[in-house]
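Below is one structure, written out as structure tokens; comments come after it.
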Amino acid sequence: MEKIASFTINHLDLLPGIYVSRKDNVGGGVITTFDLRMTMPNREPVMNTAELHAIEHLAATYLRSDAEWGGKIVYFGPMGCRTGNYLLLNGDHTSKDIIPLIIRTFEFIRDFEGDIPGASARDCGNYLDMNLGMAKWEADRYLNRCLYCIEEKNLVYPE
């Protein structure tokens, strides 16, 4: 069986960033999948599920409410390896196109106060597994070490 494309990326050299993971033709249009990599795979600890779950709820809520991009959001959710998240957008987009959106999203998470949207037994299948404090910490870390100073090496997968 052939490896899928995402397993051919050199994770030993992968940096935090915003990467186009794939583009799929669906129903006459394009769906762009972004790899929002928040940690350096295999070189630093992965995120715990509690903060990743909180990031998912906050980012999905924020993104779907964004005035410019909300109608293009297909999906936002965590990677199984817990080193980042996937964002699927309707349309043919580049990593550079969404830098301002991702900065706004993670600033929203960093600055969020109050109850996490959907964090109740009625609304979520595992609502107790959320950590807002650590989600805010991870968002701040992603902003300061990557998003605010993003370079080409954080936008294009390593060879």
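Every read-out reported here was derived from the displayed coordinates using simple, explicitly stated rules and does not represent laboratory data. Worth saying up front: this structure is predicted, and the values here are computed from it rather than measured. Neighbour counts run over all protein chains shown; Cβ positions are idealised from the backbone, glycine included.
When you filter the trypsin sites (Lys or Arg not before Pro) in region 95-159 for DSSP loop state and at most 10 other Cβ atoms inside 10 Å of their Cβ, you are left with Arg122.
Checking every one of the GluC sites (Glu not before Pro) in region 29-81 against DSSP loop status and a limit of 11 other Cβ atoms within 10 Å picks out Glu68. Among the listed pairs Lys72/Lys136; Lys72/Lys153; Lys96/Lys153, a Cα-Cα separation exceeding 18 Å is found for Lys72/Lys136; Lys72/Lys153.
Neighbour counts of C-beta atoms inside 10 Å place Thr83, Thr49, Thr39 in the sequence Thr49, Thr39, Thr83, starting with the fewest. Cα centroids of region 100-136 and region 1-78: 17 Å apart.
Of the trypsin sites (Lys or Arg not before Pro) found in region 1-57, the ones in coil according to DSSP and having at most 10 other Cβ atoms within 10 Å of their Cβ are Lys3.
If you plug the beta carbon distance of Arg141 and Val30 into 1/(1 + (r/R0)^6) with R0 = 30 Å, you get a FRET efficiency near 0.45. The alpha carbons of region 105-159 occupy a box of 44, 25, 15 Å along the principal axes, longest dimension given first.
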